[in-house]
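Just so it is clear, none of the values below were taken in a lab; they were calculated from the coordinates. What you see is a predicted model, and the numbers here were worked out from it, not measured in a lab. Cβ coordinates were reconstructed from backbone atoms using ideal geometry, including for glycine residues, and neighbour counts include every protein chain displayed.
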Amino acid sequence: MAEKWQTAITEVKPNELRLRGYRIDELMGAKSLAEVTWLCWMGELPKPEWAPLIEAMLVASVDHGTTPPSALSARVATGTGASISQAVAAGTLSINASHGGAIEGCMLALARGVKLMHDDNVDAADAAERLLAYLKSEGKRMPGFGHRVHTNDPRTARFRELARQAGVYGDYLGLADAIERHFKEAGKPLPLNVDGAVAAVLSELGVPPLIGNAFFILPRVVGMVAHFAEERTREKVMRRIGQEDAEYDGPGPRSVE
């Protein structure tokens, strides 16, 4: 007789599905996808004041145009006749250390810096200097800072605002801000980017770095589906795809009511 293995995620019975103990049909219409995602990954529903912040993390990474490798990979695969699952899988497989993978690395680095603050009783500025010196000695860069396109990513400022509203602006975000200031004062303006902001917020909320990158992968699937559909319906198969040849022709600027 095969030995049973244990799972604490979903209980399946005839006519009944429970996610982490909650009936899924009761969650439907009562909780947002962001809240249920948190429940699935973290085991408990988030605090109500955290829900807008978690939602914002997923919204922020939905898409970044045709320039990221994930979008291009999904489009290239689509051009070969790939199915939607194959195209999205191709795009997802391109999410690694240099694209979308900075969240986990930034979380680990920030954890080291915050440990310095507590163990050595130093402020964020001192911890930032020590952390960056350590990374430099190891031949590593600080993940989550700098951007190919943005010198002042508007999503980062919004994260700071939402974190304060949720009451979770603590050591990790403070350290991230100190690192940003250190770079600026050193003449190397490397602003906190969206991955770094997500990493700091996740650290404040107690998310393990092991699943940090999932907060980029999940929303980016939404964008890749759009790229798949557009490539399939608007472009020729097996075309040459160059980032510099892309030209936006969608709606003009619109405001959220």
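Assign one of three labels to the chain, namely rounded, prolate or oblate, based on the Cα gyration tensor with a ≥ b ≥ c the square roots of its eigenvalues; rounded applies when a/c is under 1.5, prolate when it is not and a/b is larger than b/c, and oblate otherwise. The shape class here is oblate. Each part gets one Cα centre, and for region 115-156 versus region 182-257 those centres are 22 Å apart.
For the listed residue pairs Lys47/Lys115; Lys136/Lys188; Lys115/Lys184; Lys115/Lys188, the alpha carbons are over 20 angstrom apart in Lys47/Lys115; Lys115/Lys184; Lys115/Lys188. Put simply, the amide H of Phe145, placed in the peptide plane, has neighbours under 5 Å in Asn193, leaving out anything fewer than 5 places away on its chain. Sequence-ordered 3J(HN,Hα) estimates for region 4-17 from the Karplus curve with 6.51, -1.76 and 1.60 and θ = phi - 60° stand at 6, 10, 9, 9, 10, 8, 10, 9, 10, 10, x, 6, 8, 10 Hz, glycine and proline given as x.
Shape class for region 1-54, computed from the alpha carbon gyration tensor (a ≥ b ≥ c): oblate, with a/c not under 1.5 and a/b at or below b/c.
Counting other beta carbons within 10 Å of each residue's own, what order do Val149, Val225, Val59, Val256 fall into, fewest first?
Taking fewest neighbouring Cβ atoms as first place, the list is Val256, Val149, Val59, Val225.
Karplus-based coupling profile of region 180-194, in residue order and whole Hz: 4, 5, 4, 4, 5, 5, 7, x, 10, x, 10, x, 4, 8, 5, with θ = phi - 60° in 6.51 cos²θ - 1.76 cosθ + 1.60 and x standing for Gly or Pro.
When you count, for each residue, the other Cβ atoms within 10 Å and take the mean per peptide, how do 121-130, 199-208, 3-12 rank with the highest first? List each step's numbers first, then the result.
Values: 121-130: 17.0, 199-208: 22.6, 3-12: 7.9.
By packing density, highest mean first, the sequence is 199-208, 121-130, 3-12.
Site pair Asp249 and Asn15 shows an inter-label distance of 5.5 nm when each label is modelled 7 Å from Cα along Cα→Cβ.
Could you work out the local net charge near Gly212, counting Lys and Arg as +1, Asp and Glu as -1, over the other residues with Cβ closer than 12 Å to its Cβ? Local charge sum for Gly212: -2. If you build a Gaussian network model of the chain, linking Cα atoms that sit under 10 Å apart, which residue out of Gly101, Gly43, Gly242 swings the most? Largest GNM mean-square fluctuation: Gly242.
Working from label points 7 Å from Cα in the Cα-to-Cβ sense, the Asn152 to Arg240 distance is 3.9 nm.
Express in nm, to one decimal, how much length is gained between Ile84 and Ser32 on full extension, taking 0.36 nm for each residue of separation and deducting their alpha carbon distance.
Working: separation 52, 0.36 × 52 = 18.72 nm, distance 2.49 nm.
Value of the extension gain: 16.2 nm.
In order along region 206-215, the phi-based Karplus estimate (6.51 cos²θ - 1.76 cosθ + 1.60, θ = phi - 60°) of 3J(HN,Hα) comes to x, 7, x, x, 3, 10, x, 5, 4, 6 Hz; Gly and Pro are listed as x. By its C-alpha gyration tensor, with a ≥ b ≥ c as the square roots of the eigenvalues, how is region 102-211 shaped: rounded for a/c under 1.5, else prolate for a/b larger than b/c, else oblate? Note, shape of region 102-211 comes out rounded.
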